[in-house]
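Enquirer: The structure is given below, and queries will be raised subsequently.
The values are calculated or read from the model by the stated rules, or taken from the named source; none is laboratory data. Note that the structure is predicted; figures quoted are calculated from it, not measured. Note that each Cβ is placed from the backbone with ideal geometry, even for glycine, and that neighbours are counted across all protein chains shown.
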Amino acid sequence: MANTVEDDNLEKARARLEAALSKLASGVASSKKALKSAREMAAEKADLTVRIAELEQDNLALQEEVATLNLQSPKAANDGAFETLKQEKAAIEQNYMLLKKQYMSLQDQLDAANADSGNEQKTTHGADTRAIEALEADNEALQQEVQALRAEKDGIKERLDASIAKLEELLGS
């Protein structure tokens with residue numbers, strides 16, 4: 001009889017141990033997913049940082065060209081072209097500021113996702129699943145925002161190129 005009770009106790013302990021190991025393995029898997037997601041968002045953030053720096057350089061070059069043209073005595077026929085270029089420059093600066101705000105928003109979301117992944121390890125398995133789903137949804141939303149920002153950046157770059165071409169044309173004539 002004592003062996004049966006001891007066997008039952010051992011079986012219960014084994015079952016508890018297996019449940020704990022299963023929960024631990026699940027936690028490790030969810031932590032790995034959260035870490036991967038955080039790394040991907042950090043890479044996207046780095047890409048956006050580079051893109052913003054490129055836009056800042058393009059904007060600076062455009063401002064220098066406009067300043068150079070302003071220092072020269074503009075012809076009466078070119079006054080309209082200069083005004084158009086100034087308006088385009090203002091629009092590009094607005095787009096740049098919008099892009100910078102979106103970048104800051106992505107940074108805040110990345111920080112929030114990193115904070116969530118740190119808190120995720122302390123929650124129960126059900127909360128782990130919900131947190132993973134939330135992180136995956138956030139990651140997908142961030143990826144869509146990044147794609148939108150890339151498209152917007154490409155549009156801004158095209159307009160910058162067109163403005164530079166106009167400036168070069170005006171300088172050439």
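Enquirer: Please work out if Leu106 is of a type in the set (A, V, I, L, M, F, W, C), farther than 30 Å from Lys33 by Cβ, surrounded by 11 or more Cβ atoms within 10 Å (Cβ to Cβ) and modelled with pLDDT of 80 or more. Working first, answer last.
Expert: Numbers: of a type in the set (A, V, I, L, M, F, W, C): yes; farther than 30 Å from Lys33 by Cβ: no; surrounded by 11 or more Cβ atoms within 10 Å (Cβ to Cβ): yes; modelled with pLDDT of 80 or more: yes.
It is false that Leu106 is of a type in the set (A, V, I, L, M, F, W, C), farther than 30 Å from Lys33 by Cβ, surrounded by 11 or more Cβ atoms within 10 Å (Cβ to Cβ) and modelled with pLDDT of 80 or more.
Enquirer: Regarding Gln121, is this residue polar (S, T, N, Q) and at pLDDT 80 or above? Spell out the reasoning first.
Expert: Numbers: polar (S, T, N, Q): yes; at pLDDT 80 or above: no.
When the stated conditions are applied, Gln121 does not pass them.
Enquirer: Kindly indicate whether Leu135 is at pLDDT below 85 and over 21 Å from the mean Cα position of the chain (by Cα). Spell out the reasoning first.
Expert: Values: at pLDDT below 85: yes; over 21 Å from the mean Cα position of the chain (by Cα): no.
So Leu135 fails the test.
Enquirer: Does Ser22 satisfy the condition of being surrounded by 13 or more Cβ atoms within 10 Å (Cβ to Cβ), out of contact with any Lys or Arg (no Cβ under 9 Å at 6 or more places or on another chain) and of a type in the set (Ser, Thr, Tyr)? Before the answer, list the steps.
Expert: Numbers: surrounded by 13 or more Cβ atoms within 10 Å (Cβ to Cβ): no; out of contact with any Lys or Arg (no Cβ under 9 Å at 6 or more places or on another chain): yes; of a type in the set (Ser, Thr, Tyr): yes.
It is false that Ser22 is surrounded by 13 or more Cβ atoms within 10 Å (Cβ to Cβ), out of contact with any Lys or Arg (no Cβ under 9 Å at 6 or more places or on another chain) and of a type in the set (Ser, Thr, Tyr).
Enquirer: Look at the stretch 27-39 and say how many of its residues are surrounded by 14 or more Cβ atoms within 10 Å (Cβ to Cβ) and either under 16 Å from Glu140 (Cα atoms) or more than 24 Å from the chain's Cα centre (by Cα) (or both). Please lay out each step first, then the result.
Expert: First, the residues of the stretch 27-39 that are surrounded by 14 or more Cβ atoms within 10 Å (Cβ to Cβ): 27, 30-31, 33-34, 37-38.
Applying the additional criterion that residues be either under 16 Å from Glu140 (Cα atoms) or more than 24 Å from the chain's Cα centre (by Cα) (or both) yields 27, 33-34, 37-38.
Number of matching residues: 5.
Enquirer: Then there's this: What are the residue pairs meeting all of these: first residue in the stretch 1-22, first residue outside any helix (DSSP H, G or I), second residue of a type in the set (A, V, I, L, M) and exposed (fewer than 10 other Cβ atoms within 10 Å of the Cβ), Cβ atoms under 8 Å, and 6 or more apart or on different chains?
Expert: Between residues of the stretch 1-22 that are outside any helix (DSSP H, G or I) and residues that are of a type in the set (A, V, I, L, M) and exposed (fewer than 10 other Cβ atoms within 10 Å of the Cβ), there is no close pair.
Enquirer: Restricting to the stretch 131-161, name every residue that is closer than 18 Å to Leu60 by Cβ and in contact (Cβ under 8 Å) with a residue 12 or more places away in the chain.
Expert: Correct list: Lys153, Ile156, Lys157, Arg159, Leu160.
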